[in-house]
Amino acid sequence: MNDKTLSLEPAEQLLALAGDFTRFNDAHARYALDLHGPSPATALNTQTESAQRLARSALTIVDTLNAQPVYHSPEIRAVYARVRQLAHLATDAADHLIDATDILDDTRAGLPVELDDDVLAILTTQQARQEAGRRFTLAASLTALGASDALATAELFVAERRRRGFTPPDQPPALSPAQTTTLRAVARGDVALMSDKPSLRREDIRVSISTIRALENRGLVKREDCPDHFRDQRVRLTSAGRRGLAASFARPRPTPLTTTQPAALLPSATASRSR
């Protein structure tokens, strides 16, 4: 690797983190129903562990950035700030889920529960579940944009490194505009399938099943079962997809070839006067 080769490791880690945020959010939608079941603590504990893993993964990316020989420009400092913010959001989400578990446990034991206004109150089982559900919803709001934020941060890192003359070691895959749009939408967690038809979180994009299949055939995306009751499968980036998308960020567009036509010959003034 020469001095001007761009390591894509931080960007690929951020894209993997984006996928993990999407998995967390899909599971959160699934477990929301379990809060009204016989054992809500199971859902809360599972999501707490997942949120804590998200935070650890984000801090691992900080370690990767620290190992990069990069000039800490304002853009790179912004990358650090965004990654740390993702870690903080995941940690705060885990704290809300822990609080929700404590509320249910204390109510079951007949102990008072500390509410947001620092007031201690004895709650009924129904009240405790409602309060736990509110904390559960707060956790969801903190992580809702994690995937898109991680994608934007990965792009910012690569764009800044390119601006300083560093280029990825490999060329990104040649993709059509529709395939590029779909790959980015997958990275944001916007693409799922319902009965083999694309189910999109946003209304400003268009994704076809034929484009998804084309990306699958090239090994750039894959399908996974989705725990969300309203979706059958989630479309995710493969490791090759993360590598290819990271290499495509801020890539200079090729200059289009132009053909220069010779200027039309105009009759000389002398020739014109002689007619």
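Bear in mind these aren't lab numbers, they're just calculated from the coordinates by the rules spelled out. As the structure is a prediction and not an experimental result, all values here were calculated from the model. No Cβ is skipped: glycine too gets one built from the backbone with ideal geometry, and neighbour counts run over all protein chains shown.
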## Note on the structure
For the chain the mean separation of alpha carbon contacts under 8 Å (6+ apart) over residue count, i.e. relative contact order in percent, is 25
#### Entry: C-alpha center-to-center spacing [region 14-40, region 155-195] in angstrom
25
### Dipole magnitude (debye, nearest 20) for the chain, charges at Cβ of Lys, Arg, Asp, Glu
2200
### Task
Round to the nearest 10 and give me the degree value, 0 to 90, for the angle of helix 9-34's Cα axis relative to the longest principal axis of the chain.
40
### Query
Give me the log10 of I(q) over I(0) for the chain at q = 0.07 Å⁻¹, as the Debye formula computes it from C-alpha points; what are the numbers?
-0.36
### Karplus-derived HN-Hα couplings along region 173-184 (A = 6.51, B = -1.76, C = 1.60, θ = phi - 60°), whole Hz, x at Gly and Pro
x, 6, 10, 6, x, 5, 5, 5, 4, 5, 4, 5
### Query
Looking only at Gln127, Gln233, Gln85, which one moves most when the chain is put into a Gaussian network model with springs between Cα atoms under 10 Å?
Gln127
### Query
How much length, in nm to one decimal, is gained on full extension between Asp63 and Phe166, taken as 0.36 nm per residue of separation minus their Cα-Cα distance?
35.0 nm
### Message
Of the candidates Arg188, Arg234, Arg108, which one comes out as most mobile in a Gaussian network treatment of the chain with C-alpha springs shorter than 10 Å?
### Response
Arg108
### Query
Which whole-Hz ³J(HN,Hα) couplings does region 225-238 yield from phi under the Karplus relation 6.51 cos²θ - 1.76 cosθ + 1.60, θ = phi - 60°, glycine and proline marked x?
4, 10, x, 5, 4, 9, 9, 7, 9, 10, 8, 10, 6, 7
### Message
Over the chain, with a Gaussian network built from C-alpha contacts below 10 Å, which listed residue (Ala43, Ala214, Ala16) shows the highest mean-square fluctuation?
### Response
Ala214
